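Below: the structure, in structure tokens.
The values are calculated or read from the model by the stated rules, or taken from the named source; none is laboratory data. Computed from a predicted structure; not experimentally measured. As a convention, Cβ positions derive from the backbone with ideal geometry for all residues, glycine included, and neighbour counts pool all protein chains shown.
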Amino acid sequence: MKALFFSFALSFCVGHSINAQETVSLVSYWNKGDLFTYKVTKIKQKYSEGVLQSNDSNSYIATFDVLDSSAEGYKIKWSYVNQISGMGGLPKELSNALNQNMSFNAIYTTTNVGEFKEVENWKEISDQITSSTQQMLDVLLEKDPSVDKAAFEKIMAPLLNAYTTKAGVEQLVLNELQYLHYGFGLEYAVNEEIKYEEAFPNMLGGDPIKGEGLLYVEGVDKEHQIFTLRNKTSIDQKEMKSVFEQVFTQMGLKDKELDKLLKKSKYDLKNNNLFVYDYYYGVPIQITTLRTLDMNMGKESSQRIDKVRIELKR
């Protein structure tokens, strides 16, 4: 998506405020030692035939600590303890096992205008995920020795691989970092909508997943130097089918009946995200994301809704 905005290259001489051409710039003005605290809330809902089947929520407090600031960029520590007890109706024993390793300290870097670059200690976090997955398997086997360990590991393999690569840690495990640094380093026309071709990373490997996007400034509060950015994206139907086929193939679940079902199935994935920034300091104040996945597989229809809310506390 970055290539889209090269035409909006910043001329940072305008300083911190809205300029005469009614544009607004989003640039980081952080200093070493700056510390921000955020509350992160994640909600997952599942519907079947329009009836709510599960409604799981999870929240935690995270700190954004600027470790270093230089002409090249910033080094930041993002720390939190993710309490997942009760998520998805997990048994108490399983929740306790998983909670043992859910304290994260991600060290990552950005450009000098606040664009996300990379997580430096991604391997350490990847090992945590692998360890937690093994603990989950050990608990399941202890509770039910009849569980087919080989079959379970085969099903889990593509998911574990997706979450434990460098891209997986940055895009899935620590997905809130992508939201926190979204839009930085760019200048936006206040009264202009931007339509573009999106390319989502394919966590299972292979080519990026194609989609469409819409981006625009929803509002500007000049008095308090705050602006709101709206981003809407959707994924092409053919691309979604290809992703599901890839998942089922890697899990070893494909057969003729499933192939027929996939050909008849329809998918609709949409994202609707809202970002509120203090553009004087270059700090996200509130981020609200909504991902909706509607699936129609033959006679069955289902929907999954994922919400993330990130709020600046101080």
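When each of Gln134, Gln100 is tested for being more than 17 Å from Leu174 (Cβ to Cβ), at pLDDT 80 or above and exposed (fewer than 15 other Cβ atoms within 10 Å of the Cβ), the lone residue that passes is Gln134. Among the listed residues Phe200, Phe152, identify the single one that is among the aromatic types (Phe, Trp, Tyr) and over 23 Å from the mean Cα position of the chain (by Cα). After ruling out the rest, the residue left standing is Phe152.
Among the residues of the stretch 155-163, is any in a strand (DSSP E or B) and closer than 23 Å to Lys117 by Cα? Scanning the stretch 155-163 turns up no residue that is in a strand (DSSP E or B) and closer than 23 Å to Lys117 by Cα.
Residues in the stretch 137-154 that are aliphatic (A, V, I, L, M), in contact with a helix residue (DSSP H, G or I) (Cβ under 9 Å, 6 or more places away or on another chain) and exposed (fewer than 15 other Cβ atoms within 10 Å of the Cβ): Leu141, Val147. Residues of the stretch 31-81 that are surrounded by 16 or more Cβ atoms within 10 Å (Cβ to Cβ) and among the polar types (S, T, N, Q): Gln45, Asn58, Ser69. Checking Asn112 against (1) assigned to a helix (DSSP H, G or I); (2) out of contact with any Lys or Arg (no Cβ under 9 Å at 6 or more places or on another chain); (3) not acidic (Asp, Glu), which test does it fail? The failed condition is (1). Among the residues of this structure, Val169 counts as one that is part of a helix (DSSP H, G or I) and either closer than 30 Å to Thr63 by Cβ or modelled with pLDDT of 90 or more (or both).
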